[in-house]
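The values are calculated or read from the model by the stated rules, or taken from the named source; none is laboratory data. Not measured: the values here are computed from a predicted model. Cβ coordinates were reconstructed from backbone atoms using ideal geometry, including for glycine residues, and neighbour counts include every protein chain displayed.
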Amino acid sequence: MTKKLLIVDDEERIRELVQACLEDLGGWDTVTAASGQEGLNIAQIEPDIDAIVLDVSMPDMDGFAVYEQLQANTLTQSIPVILLTAKVQPSDRDRFATMGIAGVITKPFEPITISQEVAEILGWSD
């Protein structure tokens with residue numbers, strides 16, 4: 001069965017690029033959200049989301065706040081989350097490790113390998 005990923009990023013170009021890469025190269029279905037709140041709403045109503053690719057730096061509600069709300073909801077707490085971020089400091093890596101996120105992909109990412117990175121983080125590799 002085809003995997004389905006939710007992509008949450010406030011930058012339309014990034015969202016479209018990640019979507020195209022994951023669909024064309026990964027062979028997965030994707031749903032996109034332009035804000036943290038929209039991402040939360042979709043995660044709650046889409047019953048078969050296998051993973052979420054979540055931007056950290058977004059206005060209104062950042063990726064950390066979105067992740068906390070996903071974890072607080074029994075409908076969404078089991079969905080693995082991969083953070084997409086331009087800024088990864090050593091302290092951030094420690095924070096990510098304690099949060100229980102599936103993994104981190106740093107921006108700028110390599111479009112031709114992002115689906116492979118997602119697969120490796122989630123253990124979806126062949």
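Structural remarks
- Only a single criterion out of (1) small (G, A, S); (2) loosely packed, with under 12 Cβ neighbours inside 10 Å; (3) touching a residue at least 12 places away in the same chain (Cβ under 8 Å) is not satisfied by A97, namely (3).
- Exclusive hit being assigned to a strand (DSSP E or B) and surrounded by 15 or more Cβ atoms within 10 Å (Cβ to Cβ), set T76, T32: T32
- Residue match in segment 46-64 (condition: assigned to a loop (DSSP other than H, G, I, E, B), without any contact (Cβ under 8 Å) to a residue 24 or more places away in the chain, out of contact with any Leu (no Cβ under 8 Å at 6 or more places or on another chain) and not charged (D, E, K, R)): yes
So that you can scan it fast, the table gives a plain yes or no per residue for (1) charged (D, E, K, R); (2) surrounded by 18 or more Cβ atoms within 10 Å (Cβ to Cβ); (3) touching a His at 6+ places or on another chain (Cβ under 9 Å):
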residue: I7; (1), (2), (3): no, yes, no
residue: E16; (1), (2), (3): yes, no, no
residue: W28; (1), (2), (3): no, yes, no
residue: Q37; (1), (2), (3): no, no, no
residue: N41; (1), (2), (3): no, no, no
residue: E46; (1), (2), (3): yes, no, no
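- When segment 30-67 is filtered for residues that are among the charged types (D, E, K, R), farther than 22 Å from P108 by Cα, at pLDDT 95 or above and out of contact with any Lys or Arg (no Cβ under 7 Å at 6 or more places or on another chain), only E38 remains.
- The lone criterion from (1) surrounded by 14 or more Cβ atoms within 10 Å (Cβ to Cβ); (2) under 19 Å from Q116 (Cβ atoms) left unmet by V66 is number (2).
- For first residues located in segment 109-126 and over 13 Å from A20 (Cβ atoms), partners that are hydroxyl-bearing (S, T, Y) and lie 6+ apart or on another chain with Cβ distances below 7 Å form the pairs A119/S125.
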